[in-house]
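Peer 1: Here's a structure for you.
The values are calculated or read from the model by the stated rules, or taken from the named source; none is laboratory data. This is a predicted model, so every value here is computed, not measured. FYI the Cβ positions are ideal-geometry reconstructions off the backbone, even for glycines, and counts take in every protein chain you see. These area figures cover heavy atoms from the full protein model, side chains too; ligands, DNA and RNA do not enter into them. Shrake-Rupley method; radii C 1.70, N 1.55, O 1.52, S 1.80 Å.
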Amino acid sequence: MDYFQIKNGELHAEDVPLSRIAEEFGTPVYIYSRATLERHTRVFREGLAGLEKKPHLAFAVKSNPNLAVLRVMAREGFGADVVSGGELARALAAGMKPEDIVFSGVGKTWAELELGLEKGIGQFNIESEEEGLELAELAAERGQTARCALRVNPDIDAGTHEKISTGKADNKFGVPIDMAVAMYLRLAKLPGLEMRGLAVHIGSQLSDLRPLELAFEKIGALVQQIRGAGGSVTHVDLGGGLGVPYRAGEVMPSPADYGSMVARVTRGWDVTLMFEPGRVIAGNAGVLLTRVVRVKRNGNRVPFVIVDAAMNDLARPALYGSWHDFDAVRPSGQRMVANIVGPICETGDTFAMDRATDALERGDLAVFRTAGAYGATMASSYNSRGFVAEVMVDGDKVASVADRILPAEITAAERVPDWLD
Ligand SMILES: *Cc1c(COP(=O)(O)O)cnc(C)c1O
């Protein structure tokens, strides 16, 4: 459920007509709904109400790192799951407490590990023995103890797009499950580390709970093995990954279904569970508003609706062949079949082929829905288009939460060395 609805013939974000946003901020522009973000955090939390202990919720910053979005998360009591020093700095800047921050990722640099220690973050999710050894060395050098979980690769096919699957044995993430117990016990002996748990995250946009359940069962067995060998486990981080409906009518497992599965599988573990949802919180809380540049008819062929948004603003269709529902802001009731494309000089700059959509003409406004996660954050300035703007709506208020970065501001950071004169 989201707050992007038609009222008086025009699509609104909460109480704000989208034409007003286009006028004030230009297009393309991402629009986030505060009420929708908040609603999703609450639905997620309520889904986990049946757990034995209060869980730790960490928003996956990579899904939408905008400071205003992170501030909404912080206000809702969410911490952050970060995967770089840049994301760590954002989470802190948005008002999250260091102890509520979890640092994931296979390639944390020495400097990033140091930053995490310096800020006193809650947990490092270690993805290799090598990383654990480096962190132990660094922490001992600084006279600190790093709280850690070992991320395990459970070798499970999450049944999602191969580029967003992370829990198969040949993916780069986590340590092989058959090595996890011995590695955990070795790392637990190092001064500088407090091994307190395990972490798992098998992929994103999961439409089926079964692979998650299998992964969690495997983690439960590891918890018992580690304890049986004298190790301590107080925390288990179950990652993110819940899918969202990208097409009207598509049904996904609800946070309530997910929560009851988790409660059943983890009963008796006696740990604090941690979660890192991203897409399920932010996905349907954002749309990308765009304007039709022109309609190219090409005789009897399927027309091209050329919009002013492109693959540099919303990369998912070009990257993964993803579907985003595409709707007119003022639907006339007429329909058309069209190829929806951006202006970039790549055939991959195609949002949809042969799409049944609202009839659109030059100058009309339209939205790509479910663009709140993995949208603006993947933007580039390819074709010297600058960086897309972002706004947030709250009731009848709307504010810029990321100003458009103009091509001229990007070239201002470029230099021509004098030896080219
Ligand atoms: C990307 C990621 C998430 C968030 O995944 P969603 O599918 O957006 O919920 C959580 N944890 C880790 C480690 C990730 O890499």
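Peer 1: Looking only at the stretch 328-345, which residues are within 14 Å of K7 (Cα to Cα), small (G, A, S) and in a loop (DSSP other than H, G, I, E, B)?
Peer 2: S332 - this is the single residue of the stretch 328-345 that is within 14 Å of K7 (Cα to Cα), small (G, A, S) and in a loop (DSSP other than H, G, I, E, B).
Peer 1: From the residues in the stretch 151-163 that are within 13 Å of the ligand (Cβ to nearest atom) and hydrophobic (A, V, I, L, M, F, W, C), which one is farthest from H56 (Cα to Cα)?
Peer 2: Restricting to residues being within 13 Å of the ligand (Cβ to nearest atom) and hydrophobic (A, V, I, L, M, F, W, C), the top hit is A158.
Peer 1: Looking only at the stretch 73-103, count how many residues are within 16 Å of the ligand (Cβ to nearest atom) and in a helix (DSSP H, G or I).
Peer 2: Within the stretch 73-103, residues that are within 16 Å of the ligand (Cβ to nearest atom) and in a helix (DSSP H, G or I) number 8.
Peer 1: Between a first residue in the stretch 237-266 that is among the charged types (D, E, K, R) and a second residue that is within 14 Å of the ligand (Cβ to nearest atom), which pairs have beta carbons less than 6 Å apart while being 6 or more apart in sequence or on different chains?
Peer 2: Between residues of the stretch 237-266 that are among the charged types (D, E, K, R) and residues that are within 14 Å of the ligand (Cβ to nearest atom), the close pairs are D237/A149; D237/A199; D237/M274.
Peer 1: Could you tell me how many of the residues in the stretch 42-91 are over 24 Å from V262 (Cα atoms) and open to solvent by 50 Å² or more (accessible area, probe 1.4 Å)?
Peer 2: Counting residues in the stretch 42-91 that are over 24 Å from V262 (Cα atoms) and open to solvent by 50 Å² or more (accessible area, probe 1.4 Å) gives 6.
Peer 1: Select from the stretch 167-209 the residues that are open to solvent by less than 20 Å² (accessible area, probe 1.4 Å) and modelled with pLDDT under 90 and list them in ascending order.
Peer 2: G167
Peer 1: Write out, first by first residue and then by second, each pair whose Cβ atoms fall under 6 Å of each other, whose residues are 6+ apart or on separate chains, and whose first residue, in the stretch 328-339, is not assigned by TED's automatic domain parsing to the domain that holds I306 while the second is surrounded by fewer than 18 Cβ atoms within 10 Å (Cβ to Cβ) and of a type in the set (G, A, S).
Peer 2: Note: no pairs meet the criteria.
Peer 1: Is there any pair with a first residue in the stretch 93-105 that is open to solvent by less than 40 Å² (accessible area, probe 1.4 Å) and a second that is within 16 Å of the ligand (Cβ to nearest atom) and assigned to a helix (DSSP H, G or I) whose Cβ atoms are under 6 Å apart and which are 6 or more apart or on different chains, and what are they?
Peer 2: From the stretch 93-105, the pairs are A94/L70; I101/A91; F103/G116.
Peer 1: For A248, all conditions in the list (1) modelled with pLDDT of 95 or more; (2) more than 16 Å from the ligand (Cβ to nearest atom) hold save one; what is the number of the exception?
Peer 2: It fails just one condition, (1).
Peer 1: Sticking with this structure for a sec: Go through (1) under 24 Å from the mean Cα position of the chain (by Cα); (2) free of Cβ contacts under 8 Å to residues at least 12 places away in the same chain and name the single condition T347 misses.
Peer 2: All conditions are met except number (1).
Conditions tested, residue by residue: (1) among the charged types (D, E, K, R); (2) over 19 Å from E217 (Cβ atoms); (3) assigned to a helix (DSSP H, G or I); (4) without any contact (Cβ under 8 Å) to a residue 60 or more places away in the chain.
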| residue | (1), (2), (3), (4) |
| --- | --- |
| L115 | no, yes, yes, yes |
| N125 | no, yes, no, no |
| E131 | yes, yes, yes, yes |
| V152 | no, no, no, no |
| I156 | no, no, no, no |
| K168 | yes, no, no, yes |
| M179 | no, no, yes, yes |
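Peer 1: How many residues does the stretch 253-289 contain that are in a helix (DSSP H, G or I), out of contact with any strand residue (DSSP E or B) (no Cβ under 9 Å at 6 or more places or on another chain) and of a type in the set (K, R)?
Peer 2: 1
Peer 1: Next question. Based on what the data block shows, is E127 within 20 Å of the chain's Cα centre (by Cα), modelled with pLDDT of 95 or more, farther than 18 Å from Q225 by Cα and acidic (D, E)?
Peer 2: Yes.
Peer 1: I would also like to ask the following. How about the stretch 346-366: which of its residues are within 18 Å of S19 (Cβ to Cβ), of a type outside the set (G, A, S) and in a loop (DSSP other than H, G, I, E, B)?
Peer 2: Within the stretch 346-366, L360, E361, R362, D364 qualify.
Peer 1: When the stretch 386-400 is examined, which residues are found to be open to solvent by 30 Å² or more (accessible area, probe 1.4 Å) and over 17 Å from L314 (Cβ atoms)?
Peer 2: Those that are open to solvent by 30 Å² or more (accessible area, probe 1.4 Å) and over 17 Å from L314 (Cβ atoms): D394, D396, K397, A399, S400.
Peer 1: Go through the stretch 1-28 and give me each residue that's closer than 12 Å to V329 by Cβ and crowded, with 17+ Cβ neighbours inside 10 Å.
Peer 2: Within the stretch 1-28, F4, L11, H12, A13, V16, P17, L18, I21, A22, T27 meet the criteria.
Peer 1: Just one of the numbered conditions (1) more than 17 Å from the chain's Cα centre (by Cα); (2) farther than 27 Å from R90 by Cβ; (3) in contact (Cβ under 8 Å) with a residue 60 or more places away in the chain is not true of A309; which one?
Peer 2: Failing condition for A309: (2).
To keep it simple, each residue is scored yes or no on (1) away from the ligand (no atom under 13 Å from the Cβ); (2) not assigned by TED's automatic domain parsing to the domain that holds A91.
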{"residue": "D270", "(1), (2)": "yes, no"}
{"residue": "F275", "(1), (2)": "no, no"}
{"residue": "V287", "(1), (2)": "yes, yes"}
{"residue": "V292", "(1), (2)": "yes, yes"}
{"residue": "P303", "(1), (2)": "yes, yes"}
{"residue": "D308", "(1), (2)": "yes, yes"}
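Peer 1: Let me ask another. Please list, ordered by first then second residue, the pairs with beta carbon atoms under 6 Å, 6 or more apart or interchain, first in the stretch 271-299 and of a type in the set (S, T, N, Q), second within 13 Å of the ligand (Cβ to nearest atom) and open to solvent by less than 20 Å² (accessible area, probe 1.4 Å).
Peer 2: N284/V244; N284/T370
Peer 1: Oh, and also: Hey, which of the strands (runs of 3 or more DSSP E) in the stretch 1-60, taking only ones fully inside, have at least 3 residues that are touching a residue at least 40 places away in the same chain (Cβ under 8 Å) and under 25 Å from G342 (Cβ atoms)?
Peer 2: 10-13, 29-33
Peer 1: Exactly one of (1) surrounded by fewer than 24 Cβ atoms within 10 Å (Cβ to Cβ); (2) within 18 Å of V236 (Cβ to Cβ) is unmet by L115. Its number?
Peer 2: The single condition L115 does not satisfy is (2).
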